Structure formats: structure tokens, C-alpha cells
1. Looking at (1) free of Cβ contacts under 8 Å to residues at least 60 places away in the same chain; (2) surrounded by fewer than 22 Cβ atoms within 10 Å (Cβ to Cβ); (3) hydrophobic (A, V, I, L, M, F, W, C), which is the only condition Trp136 fails?
2. Look at the stretch 329-372 and say how many of its residues are part of a loop (DSSP other than H, G, I, E, B), surrounded by fewer than 22 Cβ atoms within 10 Å (Cβ to Cβ), of a type outside the set (Val, Ile, Thr) and on the phi < 0 side of the Ramachandran plot.
3. Name the single residue that is surrounded by the fewest Cβ atoms within 10 Å (Cβ to Cβ) among those in the stretch 271-283 being part of a loop (DSSP other than H, G, I, E, B) and charged (D, E, K, R).
4. Within the stretch 317-328, work out how many residues are assigned to a strand (DSSP E or B) and free of Cβ contacts under 8 Å to residues at least 40 places away in the same chain.
5. Can you list residue pairs whose Cβ atoms sit under 8 Å apart, with the first residue in the stretch 43-65 being within 20 Å of Ser361 (Cβ to Cβ) and the second being among the basic types (Lys, Arg) and surrounded by fewer than 22 Cβ atoms within 10 Å (Cβ to Cβ)? Count only pairs 6 or more apart in sequence or on different chains.
6. Within the stretch 288-311, can you find the residues that are under 20 Å from Lys246 (Cβ atoms) and either in a loop (DSSP other than H, G, I, E, B) or at pLDDT below 95 (or both)?
7. Identify the residue in the stretch 54-75 that is surrounded by fewer than 19 Cβ atoms within 10 Å (Cβ to Cβ) and in contact with a strand residue (DSSP E or B) (Cβ under 7 Å, 6 or more places away or on another chain) and, among all such residues, is nearest to Asn149 (Cα to Cα).
8. Give me the residue from the stretch 76-85 that is under 15 Å from the mean Cα position of the chain (by Cα) and touching a residue at least 40 places away in the same chain (Cβ under 8 Å) and, out of that set, surrounded by the most Cβ atoms within 10 Å (Cβ to Cβ).
Amino acid sequence: MKKVLVTAVALTMLVGGYLSFTTVDKEAAQAVAGKQNYKANVYVAGMGGHFAVADVTIDPNNSEAPITVNNLGMLNIGGKSHPTHDGRIDANDRNIMFWSTYRPDEDGNLHVGKSDLKTGRVLVDVALPPDERATWTGANYCGSGQSENYFMPVYMGDEGYIDVFAKDDLAHTQRVFFDDLGYKSGEYTFAHGTNTPDMKHFLLSLNLTPDGHTKFTGNTQLILLDMKALEEGKIKKVAEATITGKPRDASGGTITFRQYFTEDGKYLFQSGADRGYIIDAKTLEVKQVASPLPGEAHDMMPTPDGKYAIFTLREKVFSAADEGTVTDGTLALYDVQARQIVGDSASVCLACHQNFGKAGSAVLCGMDANFM
């Protein structure tokens, strides 16, 4: 059973819906050993319309508890009307984060916005309905990428598309469907994507469902697109490949979600529910499969040197408050060279919810981070 590693002792409300609470001793997590430590502020998307803000220390030398949550807070983007799976920190300004919402609000609109990470203030919030071509709206925005001047969230519904928004005012400039790639509505499910570090390309992932929407085969199509063409509302394919997994059944299976490239652009770290993939970014060939995992993986982010991956997991845990098993949102560390998860995962959702006296599951999805 996973340990909850948050040792919070106080909870303080700050300006703009920005909350934080701190641990007893930050220095206790600093290991003096052979492997490099990392510190980061991790922003984890939540269905409550906020991001968990986790100040973490990552110590691969600690074989039992490699991720320590030093501080845990909340970045509110709108509450119940703004459930989110998606956050992307601006490559031009690491104090700004773009986000999009997963479900429509009570007026039927989705939201795309950006927040100031220093103050927690929402700077821009644009409302817009799902496209009229969307016949299934059970899931909406989740993955996203960016270029120098544009933010590009990906629509997960049926049928899917990539939207293009100007970064300065979030004016909606383009909407690109996947017809020109040869994929029709219902033949794929849960589109995701992100940009390469040099922003020259956009990686699109499609769960292949040729027998019908949500009938997951475990296979995913990876398609590398030209970024400049995408900014102009066009599809220009550069490369593509199919990666394979386990067909979805009652015991689970492979469904690909969010992804990240390593900072050097050599590898793609792709989450896949029951596994993670490490993929050669040039050939799109799978080099390593991370499995088994202690929970369902929805994002997979490399450390700056690419030696480790951080997973966001939906993990089944026992909750004393609920007197039973619930879903927690956790972070887990994966050692690329050793090809295994290191120690226990760390709670970034349930631990905070219980401080508010909230019972029930705490559902996360994507993340982004500022490493120090």
C-alpha cells in the first residue's frame, strides 16, 4: 500500500484563491548520496477546477519514499465550472501557465485561460462551446502544446481537433480536424498532443478504435505534424508510427493520454494508463515500456536530464476518512536506467482534500512543472 508523504501541519488562505501549507522540516528530505536530487514546483490538474501546487524534492537515493511533498497548495482557475486536465507553462515566461477545461460549464461552454503562477490570479478566461461537429462530449480538452506565439489544446471528444489560440489575448485563430490525416470520426478516441522542445513540430496521439468509439484496441497512432502549418490551420504530416499495448477489458488495458519530450528532444515520454512508453523522437520507435505501475498513468514527465520520469497516477488507496478504498491522485518516480518504479508514490490530492474534511476520491490528470 502506498504511503501518503505529505506532512502538512497548517493551511493558509492567500490572495486570488491561492492556498498553501507547509511541512515541519524541508531539510529532512535532502539526501547526501550518489544520485542527483531534484526540486520542482509541480502543477497537477484536478477535476475540482484547480491545480494542486506541489513543492517537491525528488531523491532517487531514497528507495522507499523518493518524492517528498514539502508544500502543497492550490491554484484556483474557476472552481466547479472549470474542471481541468490540462496545464502548460509558457515557454516564454515560466510564471505564466495556460490551461483548458475538461467538461462544459452550466452554459455549455468550455474555457481556455492563463494564470499568473506568482499571484494565482486568472489573467484571461475565454469561454467557447464545443464544435458543432462534436457528437460525443464526454471528454473535452486534455493534452496541449505550444509554439512561441500560440497555445494549442487538443479536444478529446468525437470528433477531435486541435485548437489554436494567440498567447497574448487567447483569441481563437484556428481549428484543425484530422480528416486530412485519413482518420474519420469514431475510428480513434481521446486525441492528445504536445510540442517538441524546439517548437518546430507538434506530436499528435490517437487511440485507435476501428471497431467504434471507445472500443480500445490498445494501439496508438503517433503523428508528427509541422508546427508552422498548424499555426496556419493546416495539417502537414512529417512522420508517423503505431505503438501497441493491451486491449481494454474488465481488468484494464492501454489507453494513451498526455506526454512530454525530454528537454534535448531525443525521446518522447508517453503515458498509457497501464504503462508508460519511452519513444525515440526521431523514429517514433518504442525503446522502453514502463510497467507495471501502482496506478493508472495519465501523464509522464521527464526530469530535466531525462534520467527519471514523474508519473501522475490515479491510485486506489485505503482512506480512513471514507472507511474504504478511494482514488487518490499521486506522483510516482520511474528510474529509466533501472527500468522500474522507485519506492512509494506521494499523494498530492487526497491529503489536501482531507484537510478540508472532504471525503471521496480526488481525481487528477495532467501536470507541468518548474524545476529549480
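1. Failing condition for Trp136: (1).
2. Of the residues in that region, 7 qualify.
3. Looking at residues that are part of a loop (DSSP other than H, G, I, E, B) and charged (D, E, K, R), I get Lys282.
4. Matching residues across the stretch 317-328 total 4.
5. Hits for this filter: Gly48/Lys80; Gly49/Lys80.
6. Within the stretch 288-311, Ser291, Pro292, Leu293, Pro294, Gly295 meet the criteria.
7. That would be Asn71.
8. Of everything passing the filter in the stretch 76-85, His85 is surrounded by the most Cβ atoms within 10 Å (Cβ to Cβ).
The values are calculated or read from the model by the stated rules, or taken from the named source; none is laboratory data. Just so we're clear, the structure is a prediction, and the values are computed from it rather than from any experiment. Glycine also receives a Cβ, built like all others from the backbone with ideal geometry; neighbour counts cover every protein chain displayed.
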